[in-house]
Amino acid sequence: MITMASSQEKPQLIVDGKRLDGRDAGDLRPISIQTNVVKNAVGSAYIEWGNNKIIAAVYGPKEALPKHTANPERAVIKCRYAMSPFSSLEDHGRTGPNRRATEISKVTREVFENVVMLEKFPGSEIDIYVEVLQADGGTRAAGVTAAAVAMATSGIPMTDLPFGVSIGKIGETIVVDLNKIEDNYSDADVPMVISPRQDKILLLQMDGNMTKDNIKEAIDLAKKAGETISKLQSDALRAPYLEVMEKYKGEKSSYDEKQAD
Amino acid sequence: MQRIVIPGEKLEDKPLRIEGAIVDNGKTYSTVMGSYDQDKKALIPLEGLWYPMPGDTVVGRIAEDKFTVYIVDLSAPYRGLIFSKDSNEEFVAGDLVEATVKELDKTQTAILGRPRKLTGGKLVYVKPSKIPRILGRGNNMIKQLTMKTHTDVTVGMNGIIWLRGGRLDLVSEALNMIQEEAHTSGLTNRVMSLLELGA
């Protein structure tokens with residue numbers, strides 16, 4: 001096991017304006033998203049965000065159990081974020097939920113309570129599972145991004161498709177999308193989840209110190225990065241449909257093709 | 001002109017009442033993955049859940065037998081309920097049943113009438129959002145399927161389809177095809193040629 005150096009021996013995180021992995025301050029790591037990867041789930045997604053590998057799955061709506069958790073006016077969301085025992089260098093993911101996983105499950109749940117139209121399913125529950133297979137910093141943001149895509153593929157109505165991204169401060173520079181090393185040694189780490197259509201911040205946590213101006217800059221950077229992330233989410237959702245449409249493009253029917261609904 | 005839309009995508013710049021959409025700040029936005037027809041102002045969900053409506057045919061499995069009522073598992077957020085007095089037959093837990101939704105009550109329960117026991121056969125699970133396409137306009141698609149394959153097909157609006165006799169393999173294949181290509185045009189023709197090739 002690698003022991004973490006104390007914060008006194010901070011590694012140089014920005015050299016000649018470039019970060020350790022060669023990115024500029026405003027660059028995201030490469031992201032790819034796939035939909036419908038879990039057959040038994042109602043909706044699911046797999047995201048590779050740099051070295052993060054995360055599966056998100058959505059089940060439900062179904063009868064809320066145990067019964068006392070049900071709300072007769074709206075659906076309840078239950079969320080489980082978990083790191084696999086093999087996902088990271090530290091000992092995350094030992095058996096059972098720990099303090100950190102419980103916290104992230106809670107904040108993820110609260111993000112989706114704000115975008116899913118819960119009032120359509122009174123008395124039922126919607127389960128979200130976020131399973132981290134490989135971790136390299138920023139897993140809660142990547143997890144929410146994947147879970148949003150999973151929720152969209154499940155057909156549960158949502159008012160928006162949120163995305164997550166973490167913003168950090170290294171020295172005096174505000175940087176986008178911290179990886180594990182930067183996360184550990186940066187001066188501040190601010191994961192954010194934004195609902196782009198409503199322009200609302202659904203999650204904002206801060207580890208470290210930032211000034212008021214820093215926060216303003218961070219939010220602007222997150223929104224800018226979000227344009228890229230939202231585009232990737234939307235492409236991933238459309239891809240399977242466009243593929244089939246492309247295949248039969250231009251074919252006309254002798255029957256009227258309107259759906260009888 | 002149809003386009004694929006995702007949750008939160010703007011459909012119209014003015015407030016319009018469209019099924020599956022919301023109006024926010026004077027503009028209309030989609031809440032589901034769907035195919036939006038700009039001219040007809042219609043949003044057809046590509047992924048979706050089944051909301052029971054009175055008159056819907058459903059296929060389910062008896063989950064519990066409570067003497068006066070049977071509870072039916074519809075694999076949906078709603079439970080089905082059959083009153084024994086509405087039924088000429090007796091069921092036991094595990095029986096497959098076809099029924100019609102009579103009414104809905106407020107506790108996530110659909111009260112079912114006209115139950116009929118389904119024996120033998122095979123179940124196919126499909127996405128509830130694809131059922132309108134499987135039925136086709138004026139039930140055209142399903143009529144053709146039944147005629148050409150001589151299979152008994154009972155389509156539950158909850159996404160469970162029961163098949164018996166005839167060409168089970170061919171019908172399953174056709175149902176899969178409809179499900180995957182539901183948003184393309186010329187589908188009926190392709191399904192028909194599939195059936196003719198297989199026959």
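The values are calculated or read from the model by the stated rules, or taken from the named source; none is laboratory data. The model shown is predicted, which means the values in this text are computed figures rather than measured ones. Note that each Cβ is placed from the backbone with ideal geometry, even for glycine, and that neighbours are counted across all protein chains shown.
The figures follow:
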| read-out | value |
| --- | --- |
| From the options B:Glu64, B:Glu47, B:Glu19, residue that is closer than 23 Å to A:Val149 by Cα, surrounded by fewer than 19 Cβ atoms within 10 Å (Cβ to Cβ) and in contact (Cβ under 8 Å) with a residue 24 or more places away in the chain | B:Glu19 |
| Any hit, segment A:46-64, residues being over 19 Å from A:Asn184 (Cα atoms) and surrounded by fewer than 16 Cβ atoms within 10 Å (Cβ to Cβ) | yes |
| Members of segment B:173-188 that are in contact (Cβ under 8 Å) with a residue 24 or more places away in the chain, more than 14 Å from B:Gln144 (Cα to Cα), in a helix (DSSP H, G or I) and more than 15 Å from the chain's Cα centre (by Cα) | B:Glu173 |
| Criterion (over 18 Å from the mean Cα position of the chain (by Cα), within 14 Å of another protein chain (Cβ to nearest Cβ) and part of a strand (DSSP E or B)) met by exactly one of B:Leu194, B:Leu81 | B:Leu81 |
| Residue in segment A:145-199 that is surrounded by the most Cβ atoms within 10 Å (Cβ to Cβ), counting only those that are among the small types (Gly, Ala, Ser) and within 26 Å of B:Glu19 (Cα to Cα) | A:Ala148 |
| Residues within segment B:80-99 that are surrounded by fewer than 16 Cβ atoms within 10 Å (Cβ to Cβ) and within 30 Å of A:Glu119 (Cα to Cα), tallied | 1 |
| Segment A:220-231 - residue that is away from every other protein chain (no Cβ under 12 Å) and touching a residue at least 40 places away in the same chain (Cβ under 8 Å) and, of those, nearest to A:Ile174 (Cα to Cα) | A:Leu221 |
| Matching residues in segment A:201-228 - criterion: being closer than 19 Å to A:Phe112 by Cβ and touching a Pro at 6+ places or on another chain (Cβ under 9 Å) | A:Leu202, A:Leu203, A:Leu204, A:Gln205, A:Gly226 |
| Subset tally (residues that are over 19 Å from A:Met83 (Cβ atoms), more than 7 Å from chain B (Cβ to nearest Cβ) and without any contact (Cβ under 8 Å) to a residue 60 or more places away in the chain) for segment A:127-165 | 1 |
| Which listed residue, of B:Tyr29, B:Tyr51, is in a strand (DSSP E or B) and not small (Gly, Ala, Ser) | B:Tyr29 |
| Top-ranked residue of segment A:66-96 - restricted to ones that are surrounded by 13 or more Cβ atoms within 10 Å (Cβ to Cβ) and assigned to a loop (DSSP other than H, G, I, E, B), ranked as modelled with the lowest pLDDT | A:Gly93 |
| Tally, over segment A:181-234, of residues that are among the charged types (D, E, K, R) and not in a helix (DSSP H, G or I) | 6 |
| Within segment B:126-157, considering residues that are in contact (Cβ under 8 Å) with a residue 40 or more places away in the chain and of a type in the set (D, E, K, R), the one farthest from B:Ala174 (Cα to Cα) | B:Lys127 |
| In segment B:1-53, the residues that are of a type in the set (Phe, Trp, Tyr), closer than 30 Å to B:Ala99 by Cβ and more than 9 Å from chain A (Cβ to nearest Cβ) | B:Trp50 |
| Test set (1) touching a helix residue (DSSP H, G or I) at 6+ places or on another chain (Cβ under 8 Å); (2) at pLDDT below 95; (3) surrounded by fewer than 20 Cβ atoms within 10 Å (Cβ to Cβ) - A:Gly43 fails condition number | (3) |
| Qualifying position, being away from chain B (no Cβ under 14 Å) and surrounded by 18 or more Cβ atoms within 10 Å (Cβ to Cβ), among A:Ser105, A:Ser124 | A:Ser105 |
| Verdict on B:Ala110 being among the aliphatic types (A, V, I, L, M) and touching a Ser or Thr at 6+ places or on another chain (Cβ under 8 Å) | no |
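For (1) within 14 Å of chain A (Cβ to nearest Cβ); (2) surrounded by 19 or more Cβ atoms within 10 Å (Cβ to Cβ), each residue gets a yes or a no:
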position	(1), (2)
B:Thr109	yes, no
B:Lys122	no, no
B:Met141	yes, yes
B:Thr151	no, yes
B:Val155	yes, yes
B:Leu163	no, yes
B:Arg167	no, no
B:Gln179	yes, no
